[in-house]
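Worksheet: one structure, shown below.
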Amino acid sequence: MSQGSAAAETNVREALAYGCKILALEGQGDIIWGHVTLRTPENPEKLYMKPAAMGLEEISASDLITVDLDGKKVDGERPRHSEVFIHTEIMRARPEVDCVVHTHPPHAVAFGSTNRPLLPVGHEGSLFAGGLPVFSETTDLIVTRELGEALAGTLGGSNAVLLQNHGLVAAGGSIAEAVMTAVVLERACRVQMLADAMGGARAWTDPEEALAKKKRIYHKQALEQAFEYYARRVRALEARGL
């Protein structure tokens, strides 16, 4: 591996570790469950993955394992998550996707049980203008390639999917896009549930304006900037030993 390649590997591994910590900071940690993957810079058919048996907030670059598109661990000391097929089958179906997040944040889990459409009640819902798919084939873990393929089919070309009674999956062309999509989706679910607790939303952004807001607020550069904001917060906490 060249010096440049080694530096690129270090950078992306560190960025993925920060992505894990950002999700934890936003309340998307679930003890040791939940995982994130990223295509390796050297080979798009191999993925760095957060290992099993560790919390999102614990992850460092050296903890990451590497898996191939068949879900086989090819590098790393720590165990692989059984739901690796969420990631491999989305990556196989969507070559433009470089990062996939799967977490179990409480509002997304609760909202995913309602069989109700996600509305652009606040700005957050606009990121999912055009519809948010829900995977309902099973509420169990996605532990087979067949279930991973089915989930990828439900996701289609969308940026996220809710897993009924299970959690969320977010996909993006970068770590920032996928992580921030997961963060914004949990917030969108929470906002709509707050409105529901007050009798239900009586007004929300119309579809055309929601698409315009999606482009204006949640464009690629903005998601990158939001990710960097969270990374600064994580670094500040780490500097304080927290």
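The values are calculated or read from the model by the stated rules, or taken from the named source; none is laboratory data. Keep in mind it's a predicted model, so treat the numbers as computed, not measured. Note that each Cβ is placed from the backbone with ideal geometry, even for glycine, and that neighbours are counted across all protein chains shown. Areas reflect the complete protein model, heavy atoms only, side chains present, ligands, DNA and RNA absent. Shrake-Rupley method; radii C 1.70, N 1.55, O 1.52, S 1.80 Å.
Using a Förster distance of 22 angstrom, determine the FRET efficiency expected from the C-beta separation of MET193 and ILE32, and round it to 0.05.
That pair, MET193 with ILE32, gives E of 0.25.
Against the longest alpha carbon principal axis of the chain, how many degrees, from 0 to 90 and to the nearest 10, is the axis of helix 84-93 turned?
80 degrees
What does segment 146-221 give for Rg and for Dmax, in Å, if only its C-alpha atoms count?
So, for segment 146-221, Rg and Dmax equal 14.2, 41 Å respectively.
Which one, GLY131, ALA52, GLY71, projects farthest toward the positive side of the charge dipole computed for segment 30-182 from Cβ point charges (K/R +1, D/E -1)?
Result: GLY131.
Length gain on complete extension for the stretch LYS73 to ARG145, per 0.36 nm per residue less the alpha carbon to alpha carbon distance? Intermediate results must be reported in sequence, preceding the final value.
Details: separation 72, 0.36 × 72 = 25.92 nm, distance 1.48 nm.
Difference between extended and current length: 24.4 nm.
Full-extension gain between ARG233 and GLU58, please, as 0.36 nm times their residue separation minus the C-alpha to C-alpha distance.
That pair, ARG233 and GLU58, stretches by 61.5 nm at full extension.
Taking amide H positions as placed in the peptide plane 1.01 Å from N, state which residues far from GLN28 in sequence (5 or more) or on other chains have amide H under 5 Å from it.
none
What are the ³J(HN,Hα) couplings of segment 137-143, residue after residue, when phi is run through the Karplus curve with 6.51, -1.76, 1.60 and θ = phi - 60°? Round to Hz, x for glycine and proline.
For segment 137-143, the Karplus-derived couplings read 5, 7, 9, 7, 5, 8, 10 Hz, x marking Gly and Pro.
Rounded to the nearest 0.05, what FRET efficiency is calculated for GLU9 and ALA222 with R0 set to 25 Å and r the Cβ-Cβ distance?
Plugging the Cβ-Cβ distance into 1/(1 + (r/R0)^6) gives 0.40.
Search the structure for amide H atoms under 5 Å from the amide H of LEU163, placed 1.01 Å from N in the peptide plane, and list their residues when 5 or more places away or on another chain.
Excluding prolines and chain starts, which carry no amide H, the hits are PHE135, LEU168, VAL169.
In whole Hz, what ³J(HN,Hα) sequence does segment 108-122 give by Karplus (6.51, -1.76, 1.60; θ = phi - 60°), x for Gly and Pro?
So the J values, rounded to whole Hz, are 5, 4, 5, 5, x, 8, 8, 6, 10, x, 7, 9, x, 5, x.
Once the Cβ-Cβ distance between GLU96 and ARG240 is put in as r, and R0 is 35 Å, what FRET efficiency do you end up with, to the nearest 0.05?
Efficiency computed from Cβ-Cβ geometry: 0.35.
Express the relative contact order of the chain as a whole percentage, based on alpha carbon pairs under 8 Å and six or more residues apart in sequence.
Values: 451 pairs, mean separation 48.0, N = 242.
For the chain, the relative contact order is 20 percent.
I need the phi-derived Karplus couplings for segment 163-177: 6.51 cos²θ - 1.76 cosθ + 1.60, θ = phi - 60°, integer Hz, Gly and Pro marked x.
Per-residue couplings from phi come out as 9, 4, 6, 9, x, 10, 10, 10, 10, x, x, 7, 4, 4, 4 Hz.
With a 10 Å radius around each residue's Cβ, average the other Cβ atoms per peptide and rank 150-162, 63-75, highest first.
Details: 150-162: 19.5, 63-75: 16.9.
With the highest mean Cβ count within 10 Å placed first, the list reads 150-162, 63-75.
Keeping every protein chain in place, order HIS104, HIS35 by accessible area at 1.4 Å, biggest value first, i.e. largest first.
Per-residue accessible area, sorted high to low, gives HIS104, HIS35.
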